[in-house]
1. Cβ-Cβ under 6 Å, sequence separation 6+ or interchain: first residue in the stretch 175-188 and over 16 Å from Ser63 (Cα atoms), partner polar (S, T, N, Q) and part of a helix (DSSP H, G or I). Which pairs?
2. With the checklist (1) surrounded by 15 or more Cβ atoms within 10 Å (Cβ to Cβ); (2) at pLDDT 95 or above; (3) basic (Lys, Arg) in hand, flag the one item Lys115 doesn't pass.
3. Please indicate, with yes or no, whether at least one residue in the stretch 141-148 is surrounded by fewer than 24 Cβ atoms within 10 Å (Cβ to Cβ) and among the aliphatic types (A, V, I, L, M).
4. Output the number of residues of the stretch 150-187 satisfying the condition of being of a type in the set (A, V, I, L, M) and modelled with pLDDT under 90.
5. Can you tell me which of (1) surrounded by 19 or more Cβ atoms within 10 Å (Cβ to Cβ); (2) under 27 Å from Phe246 (Cα atoms) is the one Asn73 doesn't meet?
6. Residues that are outside the structural domain of Lys147 (by TED's automatic domain parsing) and surrounded by 14 or more Cβ atoms within 10 Å (Cβ to Cβ): find the strands (runs of 3 or more DSSP E) completely inside the stretch 243-341 holding 3 or more of those.
Amino acid sequence: MKTSETSPASSRRRFVKQSVAAGLGFNFIPAYLTSARAADNPKLPPSRRINLGCIGVGGRAGSVIPGLTAAGNAIPVAFTDVDFVAAKGVEKNLKAFPDVKRFQDFREMLDKMGKDIDAVSVVTPDHTHFVAAISAMALGKHVYVEKPLTHTFEEAAILMRAEKKFNVVTQMGNQGHTSAGAEQFKQMLAAGIVDDIVKIDAWKSPSLWFMNAAERALVKGYPPEEPKPESLNWDLWCGPQAVKPFSKMYHPFNWRGFHLYGGGMFGDWGAHIIDFAHDNLKLGLPTRITPIALADYNQISYPLSSDIVFQFPARGEKMPAVELHCKAGGNTKIEIPEKFG
């Protein structure tokens with residue numbers, strides 16, 4: 001299938017500046033539906049069918065899109081991706097839905113197919129979550145967005161307000177939030193088995209998931225330009241950020257480690273190792289943040305390893321002040337009390 005033409009860089013940046021703030025997320029799975037896909041269920045009435053516009057088709061979307069369609073009432077009608085050839089995992093969704101229309105620019109998808117789309121999934125690098133979400137929401141589309149919700153706190157606050165303004169159903173994807181361990185912790189709190197928690201230790205393994213140590217040592221400035229895959233629209237990938245010369249140090253995976261595009265450990269793994277405790281204990285915002293150690297920190301990429309302590313105030317009965325100690329990379333060994341070993 002032929003990929004649509006893309007818009008010039010100048011129009012993209014002008015569009016970003018002029019975009020209307022909107023809300024995000026969508027709960028796609030009503031309980032009354034069977035496990036059959038909508039595409040295989042011709043008897044499904046139009047009133048119960050959700051037409052999806054999917055922004056981001058490869059990578060994490062290889063799991064998200066099958067999950068959104070598994071209930072049987074949702075079917076993709078449009079795919080958008082900056083690379084339909086070299087992107088990892090994209091072939092899985094293209095094979096499952098071979099007749100879906102394809103675009104490289106999500107704005108073109110919304111412009112040409114907006115009337116046929118009920119909801120939009122956003123599964124892209126962090127720095128483009130906001131622009132994709134608000135664009136869909138401004139058109140009244142329900143939206144599912146992968147974690148982290150946005151690249152900045154300000155963007156998240158705008159989306160929360162816009163959810164109400166546009167009266168849409170929203171959902172942020174975070175599989176760690178619904179894990180068996182998270183649910184068990186929630187039930188233990190409700191039953192009073194665990195209470196008066198005053199300290200939380202959280203850690204990510206020593207391996208640096210967004211680039212290895214040898215690559216990280218090279219990041220003294222922005223990486224030099226490398227030949228890019230012909231199928232990749234790099235300008236659209238950069239989205240609202242300044243366009244840097246293409247480098248494999250950014251794409252397809254290591255963007256997580258750069259300030260311009262990702263959120264480092266907290267943006268990528270904080271949603272899993274901190275979220276369920278933060279949510280169930282109603283921690284809110286910390287009153288103090290103390291960096292114990294930051295290895296090889298600079299203004300371009302996130303630390304090679306970090307050791308940070310967050311202090312949270314008391315929140316009422318059975319919820320005293322809490323210290324959250326989070327380690328990532330390097331020496332992440334946590335001393336576990338003997339009686340818990």
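1. Lys186/Asn280
2. Every condition holds for Lys115 apart from (1).
3. No.
4. Filtering the stretch 150-187 down to residues of a type in the set (A, V, I, L, M) leaves 156-160, 162, 168-169, 172, 180, 182.
After this cut, where a residue has to be modelled with pLDDT under 90 as well, the list is 180, 182.
Number satisfying all stated conditions: 2.
5. Every listed condition holds for Asn73 apart from (2).
6. Working: elements: 288-295, 305-312, 322-328.
Result: 305-312, 322-328.
The values are calculated or read from the model by the stated rules, or taken from the named source; none is laboratory data. Please read these numbers as outputs of a predicted model, since none were measured by experiment. Glycine also receives a Cβ, built like all others from the backbone with ideal geometry; neighbour counts cover every protein chain displayed.
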